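Chemist: The structure's right below; bear with me while I get my questions together.
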Amino acid sequence: MRTLKKYHVLVALLAFMCVYAQASVVSIQVLQHDSLDKNIHSTSFLIEDTLMDYFFDAGCIASSMPAAISPDSKSDAKFEKEALLGAEEGFCNYLIVVYADYDTSESRNPTADLLSNIASVSWKVINVRDGETISSGRRKPPVQQSSKDVVTFIRELAVTIAAAIR
């Protein structure tokens, strides 16, 4: 009788864990807009890493497409479509597309990870199953001057994005 109770408790515990083990699977695509620089900024990689870390820490399974430079909206659509196909093949629930708009025309250090080099960051959350956009937005960064500030800004952005997924 005692063994039967232990067995029932174990089965109930496993069933409970299975319900909460369902993690969202997200794919992240960072697209860089910069008319002056034709190389991917290290800040774009920092944005990607920060988002990956945030969603992983939040219990999601996170993957990413390589950061890319997109010169215009036609290219944006092409990259978005490729990322959506990749997310679908990877059995992702959501695709998060982040557009990093840079303005380094007046920067003394255009290659540094500085918030002042970022004009704005836009995002779009797409439900991979039906291709519908479930959330989007745009945010301008505060004026501050270190890579730590970039990470803080992107984490705050990730909180907003994550709210759309829940």
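The values are calculated or read from the model by the stated rules, or taken from the named source; none is laboratory data. Bear in mind that the values here come from a model prediction, so they are computed numbers and not experimental data. Cβ placement follows ideal geometry from the backbone for every residue including glycine, while neighbour counts extend to all protein chains displayed. To get the accessible areas, we keep the full protein, side chains included, count just its heavy atoms, and leave off ligands, DNA and RNA. Shrake-Rupley method; radii C 1.70, N 1.55, O 1.52, S 1.80 Å.
Chemist: Which residues, taken from segment 124-149, are closer than 19 Å to S64 by Cα, open to solvent by less than 40 Å² (accessible area, probe 1.4 Å) and either out of contact with any Phe, Trp or Tyr (no Cβ under 7 Å at 6 or more places or on another chain) or modelled with pLDDT under 95 (or both)?
Modeler: Listed by number, the residues that qualify are G131, S135.
Chemist: Going by the conditions given, is P66 open to solvent by 40 Å² or more (accessible area, probe 1.4 Å) and touching a residue at least 40 places away in the same chain (Cβ under 8 Å)? If you could, list the steps in order and put the result at the bottom.
Modeler: Values: open to solvent by 40 Å² or more (accessible area, probe 1.4 Å): yes; touching a residue at least 40 places away in the same chain (Cβ under 8 Å): no.
Taking the combined requirement at face value, the residue does not satisfy it.
Chemist: Going through segment 98-117 one residue at a time, which ones are among the aromatic types (F, W, Y) and touching a helix residue (DSSP H, G or I) at 6+ places or on another chain (Cβ under 6 Å)?
Modeler: Within segment 98-117, Y102 is the sole residue that qualifies.
Chemist: Let me ask something else. For segment 142-150, state whether one or more residues are touching a residue at least 24 places away in the same chain (Cβ under 8 Å), among the β-branched types (V, I, T) and part of a loop (DSSP other than H, G, I, E, B).
Modeler: Applying the first criterion (touching a residue at least 24 places away in the same chain (Cβ under 8 Å)) to segment 142-150 yields 142-147, 149-150.
Applying the additional criterion that residues be among the β-branched types (V, I, T) yields 143, 150.
Within this subset, residues satisfying the condition of being part of a loop (DSSP other than H, G, I, E, B) are 143.
Yes.
Chemist: Go through F56, F91 for me and flag whichever is assigned to a loop (DSSP other than H, G, I, E, B), open to solvent by 70 Å² or more (accessible area, probe 1.4 Å), out of contact with any His (no Cβ under 8 Å at 6 or more places or on another chain) and of a type outside the set (D, E). It would help to see each step written out before you state the result.
Modeler: Details: F56 fails: assigned to a loop (DSSP other than H, G, I, E, B).
Only one candidate qualifies: F91.
Chemist: Does any residue in segment 100-128 that is part of a loop (DSSP other than H, G, I, E, B) come within less than 8 Å, Cβ to Cβ, of a residue that is among the hydrophobic types (A, V, I, L, M, F, W, C) and open to solvent by less than 20 Å² (accessible area, probe 1.4 Å) six or more places away or on a different chain, and which pairs are these?
Modeler: The qualifying pairs are D103/I118; D113/V150; L114/V150; V128/A87; V128/C92; V128/L95.
Chemist: Within segment 24-33, restricting attention to residues that are polar (S, T, N, Q) and touching a Cys at 6+ places or on another chain (Cβ under 6 Å), which residue is surrounded by the most Cβ atoms within 10 Å (Cβ to Cβ)?
Modeler: Let us first name the residues in segment 24-33 that are polar (S, T, N, Q), namely 24, 27, 29, 32.
Then keep just the ones that are touching a Cys at 6+ places or on another chain (Cβ under 6 Å); that gives 24, 27.
Details: S24: 16, S27: 26.
Only one residue fits best here, namely S27.
Chemist: Can you report the number of residues in segment 55-106 which are closer than 13 Å to V30 by Cβ and basic (K, R)?
Modeler: Selection size over segment 55-106: 0.
Chemist: Also, quick follow-up: Looking at L13, L36 in this structure, which one is at pLDDT below 55, out of contact with any Lys or Arg (no Cβ under 8 Å at 6 or more places or on another chain), exposed (fewer than 15 other Cβ atoms within 10 Å of the Cβ) and on the phi < 0 side of the Ramachandran plot? Break it down stepwise before answering.
Modeler: Numbers: L36 fails: at pLDDT below 55.
The match here is L13.
Chemist: Please enumerate the residues belonging to segment 42-53 that are of a type in the set (D, E) and open to solvent by 50 Å² or more (accessible area, probe 1.4 Å).
Modeler: Correct list: D49, D53.
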